[in-house]
1. Is one or more of the residues making up the stretch 305-315 open to solvent by 20 Å² or more (accessible area, probe 1.4 Å), touching a strand residue (DSSP E or B) at 6+ places or on another chain (Cβ under 8 Å) and free of Cβ contacts under 8 Å to residues at least 60 places away in the same chain?
2. For residues that are in contact (Cβ under 8 Å) with a residue 60 or more places away in the chain and on the phi > 0 side of the Ramachandran plot, scanning just the stretch 53-79, find the one that is most open to solvent (accessible area, probe 1.4 Å).
3. Can you give me the ranges of the strands (runs of 3 or more DSSP E) entirely in the stretch 177-227 with at least 1 residues that are within 13 Å of the chain's Cα centre (by Cα) and within 15 Å of ligand 1 (Cβ to nearest atom)?
4. Are any residues in the stretch 187-228 within 16 Å of ligand 2 (Cβ to nearest atom), farther than 18 Å from Thr135 by Cβ and hydroxyl-bearing (Ser, Thr, Tyr), and if so, which ones?
5. What number of residues within the stretch 251-266 satisfy the criterion of being within 16 Å of ligand 1 (Cβ to nearest atom) and closer than 19 Å to Val222 by Cβ?
6. What number of residues in the stretch 33-72 are within 16 Å of ligand 1 (Cβ to nearest atom), hydrophobic (A, V, I, L, M, F, W, C) and within 14 Å of Phe310 (Cβ to Cβ)?
7. Can you list residue pairs whose Cβ atoms sit under 8 Å apart, with the first residue in the stretch 80-104 being closer than 14 Å to Gly49 by Cα and the second being more than 16 Å from ligand 2 (Cβ to nearest atom) and open to solvent by less than 20 Å² (accessible area, probe 1.4 Å)? Count only pairs 6 or more apart in sequence or on different chains.
Amino acid sequence: MMRWMVWLMMALMALSGTSAQAQEAPAHQAQAVKVTTLSTMLTDYVGLGEWGYSALVEVDGRRILFDTGGSPDVVLKNAQALKIDLSTVEDVVISHFHDDHTSGLITLRKALMAKNPNALSHLYVGEGIFAPRYTRDGKGDSENSFPAFAKAYLETGGHIQQLSGPDEIATGVWLTGPVPRSHAETNWNPGLFVKAGSDLVPDTLREDLSLVIATPQGVVIVTGCGHAGIMNIADDAKAITGDARLHAVIGGIHLFGKPDAVLIETAARLKGLSYLFAAHCTGIEATFRLRELLGLDRRTAVVAAVGSSFTLGKGIDAGHIAGWVG
Ligand SMILES: [Zn+2]
Ligand SMILES: [Zn+2]
């Protein structure tokens, strides 16, 4: 072999070695991740189903409650039925103002603080969650029940942190804050309005935030209703973590009423996704269509039930009703 070719090969090896080292040493990645469904419509042997969402997120020993369900007591009862102790969970996230995500907050805080005063003592929300929401004429009272929940929560001694942008709340664990909306998704039920000066404009749920985890396998997203649009959320999650590999989408992505064209576009944007753990307002038909379009199967694209879980490195434990394969 000619000497210049050896030099070239050595130079290429050195270059590839350098870039491999850079890829191997991302500063902020979570290693152990488990997400357990505590509220959604479908349930397994134990637990109550409801229109709502809540999940316990466990990352490298840190425990976070993401949303609190649609009834005052369902998440509390489901956790008890599943023998999950929530009293050591100090952080709680409310994804947006809708009461199918907020209604368990006060019941849970009061019940759990009897055992640990710091239980659910720190609440994260996105900027915009306090905005009054009106029906079309703008004359009635605000339809937003969150300010009342927040007042009752503060009276228990809880602390509320409003996010205007991404925040890393634990190593590799991010909350997006309000999500940039470059795709024109409208993944919410229209009908409410917010004030912009003296005008009323449609409520786009600006506060809608998701939880994003950077992992060695790629990005894991946990979202409540996905009102910001899962395409926008996925883009934001990639930008925040600097990782373009989507690993799992977990929670509600509000596609239940969408036509096929939207599902096709969504699947194209989520290309390469390894797990779809779809709960709540994703919709059963939409989940099965996305499974097909993404090339996933009954083990990797699942309708979540109360008690079902996702574990990084293991995949989805669907429980009996939603896809157990013997
Ligand atoms: Zn919602
Ligand atoms: Zn919802």
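1. no
2. Asp60
3. 218-223
4. Across the stretch 187-228, the qualifying residues are Ser210, Thr223.
5. 6
6. 2
7. From the stretch 80-104, the pairs are Leu82/Thr36.
Quick grid of which residues meet (1) at pLDDT 95 or above; (2) closer than 22 Å to Asp236 by Cβ; (3) not hydrophobic (A, V, I, L, M, F, W, C):
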site	(1), (2), (3)
Ala268	yes, yes, no
Arg291	yes, no, yes
Leu296	yes, no, no
Ala305	yes, no, no
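The values are calculated or read from the model by the stated rules, or taken from the named source; none is laboratory data. Remember, predicted model here, so these are calculated numbers, not experimental data. When we count neighbours, we look across all protein chains shown, and the Cβ atoms used for this are built from the backbone with ideal geometry, even at glycine. What goes into the accessible areas is simple: the full protein's heavy atoms, side chains included, and nothing from ligands, DNA or RNA. Shrake-Rupley method; radii C 1.70, N 1.55, O 1.52, S 1.80 Å.
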